[in-house]
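J.: For reference, the structure I am asking about is given below.
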Amino acid sequence: MSATPTRQKKTLWLYGIIALLLIITVGTLISAQNIKTTAQKDAEAAPPDPSTITATVTREKLRTTVPLTCTANYATSTPLRYSGEGQYTAITIKHGDTVGNGTLIAEVNGEPLITLTGGFALYRDLKLDDSGPDAALLNEALTAMGRQGPQPARITEDTYEALNNLLDSLGYAHVKTDQPIPARYFLIINRAGVVTGNPRATGAIADGPVATIAEGNKTLSCTGTTGRLTPEARSGQKVTVPSLGDTEYVATLGYKNTTEAAGAAGNSQAGRQANGAEGAAGSNLNGAAGAAGGAEGERILTLDVGDKADSLRGAVNAELTLEETPEAHLVVPSSALYTRDGQTRVIVLGPESSNGSKAREEREVTVTVISNANGKNAVTGDLHEGDSVKIMREKK
């Protein structure tokens, strides 16, 4: 028997009411999730509880240090400056070349300019049977090149033969034994060196030296990070270069010359004739380079780091130790210390729980500060190497 229309209407109304109640209930739940109290909002906006910052107690020598900036340089730089007149008609060396006995570095007015190493200037043209220190220098240089055997301090036919052998290898005409050996063919340097930077171009001799050579081993030249070295810097102090490891290098205090005088290659000649390197005014004939011959300039520290200097590029950081405690002590950072009741104290933290659920036990320890440097303090007290101490936060 089918339901009456009245009964069907009641059923539909019932279903409608149930559906409406469900919609209201779901809406209420969604709204409740999105509506937060002021307290809830403040709690969520507040920063998390600060975590505990710790430091480890170490045992070390306390050092007072200052930072340095260092660059790798050769021990001595010498400009290859010729004192004659005329033109450089060819430049025959380049950056990185080694310059020593028998090196053709340039042509002057179409003639060779050859370097010789030694301690005396060629102050004259040398003729057969001439003797003296200049004759000895030329013979010794030719012998060192392997062009001849040992010779006396006198120009012999063997000297001419050895010289012509050299000139022939360089592509120049021989000098006959009835002709003087031109001193203008030679530039005297103290010792062999390496060309640093690009040599000059051809042109007037007066425009500048052929090039600059670096003599000796590479060393590190160090100054303060501001460009000036601290007045407390002394020879014998120790410097570490982090990029080279933990090795401590002994520093030597010196001066960076402010003039070219001490570095000019020596081959000056009376009357400034066209056969030698320009020696600076007042320099000796062999052009000895170094601070001893030049004016005092900028203070620098020099470090001999051996072959490691070749691996450095550009400026590197270093650290100069001004003072060091004679013995190792327990050391804590200054930020771990605080004062209470007139005593200096630290808080030592116990071990962490295995699951991190419990706060670490704190133990207050009274300490005595022996010395301090660079934010560290050497202390005595009931502490042990490896203890964790609490870093104290500043109250705001």
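Derivation of every value follows stated rules applied to the coordinates shown; laboratory data play no part. Here the structure is a predicted model, which is why all the values come from computation and not from measurement. Neighbour counts are summed over all protein chains in view; Cβ atoms, including those assigned to glycine, are modelled from backbone coordinates with ideal geometry.
J.: Taking 0.36 nm per residue of separation and subtracting the Cα-Cα distance, what length does fully extending Q179 through T202 add?
T.: Full extension from Q179 to T202 adds 5.4 nm.
J.: Follow-up. Under the Karplus relation 6.51 cos²θ - 1.76 cosθ + 1.60, θ = phi - 60°, what is the ordered set of whole-Hz ³J(HN,Hα) values for region 302-314, x standing for Gly and Pro?
T.: 10, 10, 9, 9, x, 5, 5, 4, 5, 7, 8, 10, x
J.: A further question on this structure: Size of region 325-390 along its principal axes in angstrom, Cα-based, largest extent first?
T.: 42, 28, 20
J.: Anything over 18 Å Cα to Cα? Flag those among K61/K308; K218/K256; K61/K238; K218/K308; K61/K376, in the order listed.
T.: Too far apart for the 18 Å limit: K61/K308.
J.: Taking amide H atoms as placed 1.01 Å from N in the peptide plane, list the residues 5 or more away in sequence, or in a different chain, whose amide H sits under 5 Å from that of T230.
T.: When sequence neighbours closer than 5 places are left aside, the close amide H contacts are G224.
J.: Taking amide H positions as placed in the peptide plane 1.01 Å from N, state which residues far from A121 in sequence (5 or more) or on other chains have amide H under 5 Å from it.
T.: Residues meeting the criterion, in which the H sits 1.01 Å from N, do not exist here.
J.: Can you work out ³J(HN,Hα) from phi for every residue in region 339-351, in order, using Karplus 6.51 cos²θ - 1.76 cosθ + 1.60 and θ = phi - 60°, giving whole Hz and x for Gly and Pro?
T.: Along region 339-351, the couplings run 10, 8, 6, x, 10, 8, 9, 9, 9, 9, 9, x, x Hz.
J.: Within region 183-216, which trypsin sites (Lys or Arg not before Pro) sit in a loop by DSSP and count at most 11 neighbouring Cβ atoms inside 10 Å?
T.: Qualifying residues, ordered by number: none.
J.: What FRET efficiency comes out for H384 versus K94 if R0 is 45 angstrom and r is the Cβ-Cβ distance? Round to the nearest 0.05.
T.: 0.10
J.: Answer with one residue from S335, V367, V389: the one whose Cα lies farthest towards the positive end of the charge dipole of region 325-390, charges on Cβ with Lys, Arg +1 and Asp, Glu -1.
T.: It is S335.
J.: Let me ask another. Can you give the extra length, in nm with one decimal, that the chain gains between T25 and S334 once fully stretched, where that is 0.36 nm per residue apart less the Cα-Cα distance?
T.: Result for the pair: 105.1 nm of gain on full extension.
J.: Taking R0 as 45 Å, what FRET efficiency do you get between I391 and A315 from their Cβ-Cβ distance, rounded to the nearest 0.05? Walk me through the numbers on the way to the answer.
T.: On the way: r = 33 Å, r/R0 = 0.74.
With R0 = 45 Å, the Cβ-Cβ based efficiency is 0.85.
J.: Additional query: Whole-Hz ³J(HN,Hα) for each residue in region 383-393, computed from phi via Karplus 6.51 cos²θ - 1.76 cosθ + 1.60 with θ = phi - 60°, x for glycine and proline: what do you get?
T.: Coupling constants for region 383-393: 10, 9, 4, x, 4, 9, 10, 8, 7, 7, 8 Hz.
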